[in-house]
Amino acid sequence: MSKIPADLKYTKDHEWAKQVEPGLWEVGITDFAQDQLGDITFVELPDAGTSLDAGESFGTVESVKTFSDLYAPVAGEVEAINDDVIEDPAALNEEPYAKWLMRIRVADDSVFDALMDAAAYETHVASVE
Amino acid sequence: MASKDEINQLLLHEEHVAAGARFAPFAGYEMPMRYGSIVEEHHCVRKGVGFFDVSHMGQVFVRGEGALAALNRLVTNDLSRLTDGNALYTPMCNASGGILDDLIIYRLAADEWLVCVNAARRTQDVAWMSEQIGDAAAVDDESESWCQFAIQGPKARDVVHSVADDALAALPRFGVARLRVAGAEVIAARTGYTGEDGYELYVPSAVARAVFAGIMKAGQPEGIALIGLAARDTLRLEARYLLYGSDIGESTNPIEAGLAWTVKWDKGDFIGKRALEAIRESGPARRLRGFVLQERGMLRAGYPVFVDDTNVGSLTSASVAPSLDGQVIGLGYIRADLCDAEQAQIEVRGKRLSAEVTRKPFYIGSAAG
């Protein structure tokens, strides 16, 4: 059973989002995503300051056998990327919820309301498993 | 063989499911790719012992007085050098010198030969061999009756010896013998595809389950684990073993692939000899090289290779190398006129990353003795 923390928001591309402070959110990949990928070997992330449209690809996560594009859940600007994950990609398999990938700044927090809550994401995972 | 809509399962499918296998289709079979972490499976083989179910591969027996001569005409290496109980590795070429498959051929007796073929080429190989051999010998595809297991790693031999006839321990590298393992008559060979020492066992389907269980039990104290195809790929790439369908194929010849050592020019005629002689004369148009990425990134088959801004080829295989501290390695062909380069650039999604160009195995394991 994949872990799905109750206090996060989720996308159908198996990413999670968590508010850090008003206008600033962290984005990462879910337990389901890391499990599907297998041993993660490399993470590519955008530079801080990059402007993203909703749904735009902001990087990739590569594993021994495959890779997955990362998609911006909402429009915003990249405030920071997590150097820990660049240095130690395997840690993403261990702690997908602790190892955020990017922090994104948005004008209006309500854009995240459109994301799934934990219950909806759980249903989504069940449907693709 | 499965049609494109059917897929075969391995005999031990349920055992793989029970072990948590993630499956993917390969050569018409539902194959276990991994059971957990590919990197952990890789290390398990390099440091201890791993068990691979490679029963999707093909087992073709060639029998009769004319078997040696018939087979020797089809392959580049010289089978007449083998004695009973020995094997060799060889490409099998078409008349243009293109590689139809790469094989391990075991001489069980003067009139009984086992040819292990790649799963994806089984149908083509059997058709080709039957057509070329005709009445000279009996060609029997017995793949449906046999399972194939590989037990590999520095502890592999000890584990298998503990449940096998004493004679097994005396097998030299590339030796093969019929004897009992885990109570069942098998064909045991000291061959493998990982760069580690160990055995490949050809096991009649009827006793496959018992042999599997016996070896897994015997290997428990050494931490034996099932190993999937993904780790099989990272292991073989580190050892610089080639993969048919990726590094070699009908459009590649043994000389450009670095397999000239398998071509025995002084044996009699064989299919492709004239074409290969011509290539040897003029030099191949390209040569297979190894690459070690020197910047952060990931390599994949298909990525273009550059030497000083000239596109000289592309990668045919690539992976992370867990036994090399996670360095990223690959194989690919470089245009002959630039193949002496020591550095290359590999284009990774628009960015050119530097790589060292190598000619040797990336990792030497216990198979080297």
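Show me the GluC sites (Glu not before Pro) within segment B:276-369 that DSSP assigns to loop and that have at most 16 other Cβ atoms within 10 Å of their Cβ. Filter output for segment B:276-369: B:GLU295, B:GLU342. Averaged over the residues of peptide A:32-45, the number of Cβ atoms from other protein chains lying within 10 Å of each residue's Cβ is 4. Between B:PHE26 and B:ARG63, what FRET efficiency comes out of the Förster formula 1/(1 + (r/R0)^6) with R0 = 22 Å and r the beta carbon distance, rounded to 0.05? With a Förster radius of 22 Å, E is 0.15. Each Lys and Arg Cβ is given +1 and each Asp and Glu Cβ -1; about its Cα centre, segment B:292-344 then shows a dipole of about 300 debye.
The residue among B:THR262, B:PRO284, B:LEU243 whose Cα reaches farthest toward the positive pole of the charge dipole of segment B:221-292, with charges on the beta-carbon of Lys, Arg, Asp and Glu, is B:PRO284.
Extents of chain A, largest first, come to 36, 32, 22 Å (Cα atoms, principal axes, whole angstrom). Segment B:134-256 gives an Rg/Rh value of 1.01, both radii derived from C-alpha positions and Rh following Kirkwood.
Kirkwood's formula applied to the C-alpha pairs of chain B gives a hydrodynamic radius of 21.2 angstrom. About the centre of its Cα atoms, chain B shows a dipole size close to 800 debye [charges on the beta carbon of Lys, Arg (+1) and Asp, Glu (-1) only; nearest 20 debye].
Between B:ASP111 and B:GLU281, full extension at 0.36 nm per residue minus the direct alpha carbon distance yields a gain of 57.6 nm.
If you wrap segment B:261-369 in the convex hull of its Cα atoms and look at it from every side, the mean projected area works out to 8.8 nm². Dividing the summed -39500 (n - 2.57) terms of all DSSP H runs of n ≥ 4 by the residue count of chain B sets its mean residue ellipticity at 222 nm at -6000 deg cm²/dmol. Summing both sides, the accessible surface hidden between B and A at a 1.4 Å probe radius is close to 1400 Å². For segment B:137-162, the residues whose backbone nitrogen is under 18 Å from a point 7 Å from the Cα of B:ARG180, taken along Cα to Cβ, are B:160-162.
Among residues other than B:VAL348 whose Cβ falls under 11 Å from its Cβ, what is the net charge (Lys/Arg +1, Asp/Glu -1)? Residues near B:VAL348 contribute +1 overall. Per residue of peptide A:57-68, the mean number of Cβ atoms on other chains within 10 Å of the residue Cβ is 4. For chain A, the dipole from Cβ point charges (+1 on Lys and Arg, -1 on Asp and Glu) about the Cα centre works out to 240 debye, to the nearest 20. For segment B:68-147, report the % of Cα-Cα distances exceeding 21 Å. In whole percent, the long-distance tail amounts to 20. Relative contact order for chain B: 18 percent, from Cα pairs under 8 Å spaced at least 6 residues apart, divided by residue count. Evaluate E = 1/(1 + (r/R0)^6) for B:ASP266 and A:GLU21, where r is the Cβ-Cβ distance and R0 equals 51 Å; express this FRET efficiency to the nearest 0.05. With R0 = 51 Å, the Cβ-Cβ based efficiency is 0.05. Between A:ASP84 and B:ASP158, the distance separating the two model label sites (each 7 Å from Cα on the Cα→Cβ line) works out to 4.0 nm.
Computed extension gain for B:ARG173 through B:ALA210, at 0.36 nm per residue and net of the alpha carbon distance, reaches 10.8 nm.
Counting only DSSP beta bridges with both residues in segment B:292-343, the antiparallel share comes to about 100 percent. Pairs with C-alpha atoms separated by more than 31 Å, drawn from the list B:LYS155/B:LYS267; A:LYS9/A:LYS65; A:LYS65/B:LYS47; A:LYS12/B:LYS47; A:LYS12/A:LYS99; B:LYS217/B:LYS360, are B:LYS155/B:LYS267; A:LYS12/B:LYS47; B:LYS217/B:LYS360. A crude spin-label estimate for the pair A:ALA126 and B:ALA18, with each label 7 Å from Cα along the Cβ direction, gives 2.9 nm.
Near the amide H of B:VAL348, within less than 5 Å, lie the amide hydrogens of B:LEU353, all on another chain or at least 5 residues away, with H placed in the peptide plane.
Normalised by residue number, the volume inside the convex hull of the Cα atoms of segment B:49-192 is 109 Å³ per residue.
Using alpha carbons only, the radius of gyration of the protein assembly as shown set against its Kirkwood radius gives Rg/Rh = 1.02. Here each label is just a point 7 Å from Cα along the line to Cβ, and for B:HIS43 and A:ASP7 those points are 3.2 nm apart.
The values are calculated or read from the model by the stated rules, or taken from the named source; none is laboratory data. Not measured: the values here are computed from a predicted model. We place every Cβ from the backbone using ideal geometry, glycine too, and count neighbours over all the protein chains shown. Heads up: the accessible areas ignore ligands, DNA and RNA and are worked out on the full protein's heavy atoms, side chains in. Shrake-Rupley method; radii C 1.70, N 1.55, O 1.52, S 1.80 Å.
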